[in-house]
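Structure first, commentary second.
Taken together, the values in this text are just the output of simple stated rules run on the coordinates, not laboratory data. None of these values were measured; they are calculated from a predicted model. Cβ sites come from the backbone with ideal geometry, for glycine too, and all protein chains shown count toward neighbours.
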Amino acid sequence: MKVTLIQPAMGRLSNGKKFKRPFTLEPLSIVTLAGLTPPNVELQFFDDRIEDIDYDQPTDLVGISVETFTALRAYQIARHYRMRGIPVVLGGFHPTLLPDEGLRYADSVVIGQAEDLWTKVLLDANKGKLKKRYSSNAVSQITRTRIDRKMLKGKKYLPVTLVEFGRGCPYHCEFCDIPIFYKGRHDVRPVDEVVSEIIASGRKNVLVVDDNISARPYILLEFSKAVKPLNIRWASQAGITLAMHDDVLDAVAESGCVGFLIGFESIDKRNLKLIDKKTNFTIPYKKAIKKFHDRGIRIYGSFIVGYDFDTPKIIDRTVEFAIKNKIFIVNFNPLFPIPKTPLYNRMIKEGRLRNKKWWLDSNFRYGDFPFNVHSMSGDDLTKKCEEVKETFYSISSIIKRGVGSKTNFGNPLSALIYILINLRTRSELRGKAQLYLGMDE
């Protein structure tokens, strides 16, 4: 039996060409499936983000990993295979949230985590008895994770190893689909298992792809102590509450951590209250940022534009805050109502969604807003979002955030890294602003 795994791209540029990120990370979901696949099953893999798919390559089954932003492209890919009589299975966040939609475009959907389901899917497919739905009843699957990166050989990815220490997040932010997918749980793998995986990768640059690695600070402390002897450089995503634990932060810095993505979301407390981001009230942003910077830990700040209390003035204050506090890089993300989240349900109830299935609209651009904020139209929000990105990544801002910052300009090498990453991020964000969902088909 031969199985083809596919990582779909998000979409196309305004000229119709596929959007190819210049700095693509290896797809962890794909190598996880490969690790779960029995050795008697032949695998091939196409990464639609960096290469063309050869639909005429013989295969018995196709598996596609799908997120909301790649759903339209995934459905297009599925159509090509089904036209050739090849069954398609969809898995990931989006089919779990909307399985009925997935079944309109594929033969089968995997609902939930794959560890206890993938082998069953392969066995049934081999017998010609593929079921419409496979639902995971297990509470946690992360301890059963196995990785196989052989399929990535020869493909051009950033020389960074992705590993997973924990899954899920115990918090329930209104806009987030993570607590829905993982049922509000946060589970971790044995630390020694993660250490072994890092060593086996042979790389010194590691991205720990946890949704919130600081959800339980003293487990993070254990992790930091375990990876310190490896002499690696690692980054992850953490909550701002980590700044309240000096001993953990010290251990994190000593273990080789170079940065965290932190979801500030908004500088307006009314917005934070509205989205149920209670954790961001626990420590002042400025104080927290200083604690990270004092230890040489860079911050990738995430702010979301489009909350109910956002106005042009508040959005301007947000970019001023990010520049003044010398944040390494920032993304001002549009607020996207992901299906089945409390935010999406509220938008439906209030009648504010202009496009209830925006993820299926080939004319939907990444920076567009499918709803109106009370004080601004969706089109005005899109323009404002692009404006603040340009302000933050302007040459004057890059200089202001660099000068006097030990984290950004601590030595010639760190200054060079800081400048290059900011310029490359600016270029990528400009490209992404012209990104439309799906391909012209």
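See the values below:
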{"read-out": "Using alpha-carbon coordinates, inclination of helix 71-83 to the longest axis of the chain, degrees", "value": "20 degrees"}
{"read-out": "The chain - Cys residues lacking any other Cys C-beta under 4.7 Å", "value": "CYS169, CYS257, CYS385"}
{"read-out": "Debye, to nearest 20: dipole size of the chain, +1 on Lys, Arg Cβ, -1 on Asp, Glu Cβ", "value": "540 debye"}
{"read-out": "Relative contact order, percent, region 169-278 [alpha-carbon distance under 8 Å, six or more residues apart]", "value": "27 percent"}
{"read-out": "Pairs beyond 21 Å (Cα-Cα), from LYS290/LYS324; LYS277/LYS340; LYS290/LYS313", "value": "LYS290/LYS313"}
{"read-out": "Helix-only mean residue ellipticity at 222 nm for the chain, each DSSP H run of n ≥ 4 adding -39500 (n - 2.57), per residue, nearest 500", "value": "-10500 deg cm²/dmol"}
{"read-out": "Within region 277-379, percent of DSSP bridges classed antiparallel, to nearest 5", "value": "25 percent"}
{"read-out": "Spatially proximal lysines relative to LYS150 (Cα-Cα < 17 Å; intrachain offsets below 8 disregarded)", "value": "LYS2"}
{"read-out": "Between 0 and 90°, nearest 10: helix 312-324 axis offset from the chain longest Cα axis", "value": "80 degrees"}
{"read-out": "Rounded to 5, the percent of DSSP beta bridges in region 159-437 classed as antiparallel", "value": "20 percent"}
{"read-out": "Rounded tilt (10° steps) of 217-227 against the dominant C-alpha axis of the chain", "value": "80 degrees"}
{"read-out": "Top of ILE219, ILE327, ILE240 by mean-square fluctuation, Gaussian network on the chain, Cα under 10 Å", "value": "ILE219"}
{"read-out": "Gain upon complete extension [ALA200, ASN345; 0.36 nm per residue less C-alpha separation]", "value": "47.8 nm"}
{"read-out": "Proximal lysines relative to LYS155, as straight alpha-carbon distance under 18 Å, when same-chain residues fewer than 8 apart are discounted", "value": "LYS18, LYS20"}
